[in-house]
1. Give me the distance in nm between label points sitting 7 Å out from Cα along the Cα-to-Cβ direction at D66 and T9, one decimal.
2. Project the alpha carbons of the chain onto their principal axes and report the range along each, largest first, in whole Å.
3. So what J values fall out for segment 51-59 if you push phi through Karplus, 6.51 cos²θ - 1.76 cosθ + 1.60 with θ = phi - 60°, rounded to Hz, Gly and Pro as x?
4. Compare L86, L37, L15 by solvent-accessible area with a 1.4 Å probe and give them largest first, with all protein chains kept in place.
5. Taking square-rooted eigenvalues a ≥ b ≥ c of the alpha carbon gyration tensor, is segment 12-55 rounded, prolate or oblate, where a/c under 1.5 means rounded and, failing that, a/b exceeding b/c means prolate?
6. Quick one: 3J(HN,Hα) in Hz for segment 71-77, Karplus 6.51/-1.76/1.60 with θ = phi - 60°, rounded, Gly and Pro as x.
7. Separation between the R76 and E35 pseudo-spin-labels, each 7 Å from Cα along Cα→Cβ, expressed in nm?
8. Summarise the accessible area of the chain (1.4 Å probe, protein heavy atoms) by the percent that is carbon and sulfur.
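The values are calculated or read from the model by the stated rules, or taken from the named source; none is laboratory data. Keep in mind that what you see is a predicted model, and the values were worked out from it rather than measured. Glycine also receives a Cβ, built like all others from the backbone with ideal geometry; neighbour counts cover every protein chain displayed. Heads up: the accessible areas ignore ligands, DNA and RNA and are worked out on the full protein's heavy atoms, side chains in. Shrake-Rupley method; radii C 1.70, N 1.55, O 1.52, S 1.80 Å.
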Amino acid sequence: MTVIRPATTDDVPGLVALEGLLFGADAWSEAQVREELTGPGREVLVAADEGPIGYVATLVVDEVADLQRIGVHPERQRQGLAAALLDAALASQRP
C-alpha cells in the first residue's frame with residue numbers, strides 16, 4: 001500500500017536513486033537531497049511502498065511556497081501519485 005509521508009534521512013538513498021533515474025545529469029546530489037530534508041523552510045514528502053516511489057520538495061519563505069521538485073518512478077507514473085503528492089504538499093502549507 002502506498003502512503004504519503006514526510007521524508008526522513010532513511011529515504012536519502014532511494015531519493016538519490018529516483019533523482020538519477022528521473023533527472024539524469026540534472027539530478028540533485030546526495031548532499032543536495034540531504035539539504036532539502038534539513039534546510040530551513042524546506043519540506044519533502046514521499047510516496048512510499050517498500051521505499052520511495054515518488055516525492056515532492058517545497059521551499060516556503062514567508063507566505064510563498066515554491067515547488068522545487070516533483071517526481072514519480074516511471075513504472076508508477078500515470079496513476080495519480082504526482083497529483084496526490086502535490087495535494088499533500090499544498091495541504092501541509094495551509095494553517
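1. Taking the two extended label points, one gets 2.6 nm.
2. Its Cα atoms span 35, 28, 22 Å along the three principal axes.
3. Per residue, the Karplus-derived 3J(HN,Hα) values read x, x, 10, x, 7, 9, 10, 10, 10 Hz.
4. Values: L86 70, L37 40, L15 5 Å².
Of L86, L37, L15, the descending order of accessible area is L86, L37, L15.
5. Oblate shape, in that a/c is at least 1.5 and b/c is the bigger or equal ratio.
6. These are the phi-based 3J(HN,Hα) values: x, 9, 3, x, 6, 10, 6 Hz.
7. 2.6 nm
8. On the way: 3010 of 5730 Å².
Within the chain, the accessible surface is 53 percent carbon and sulfur.
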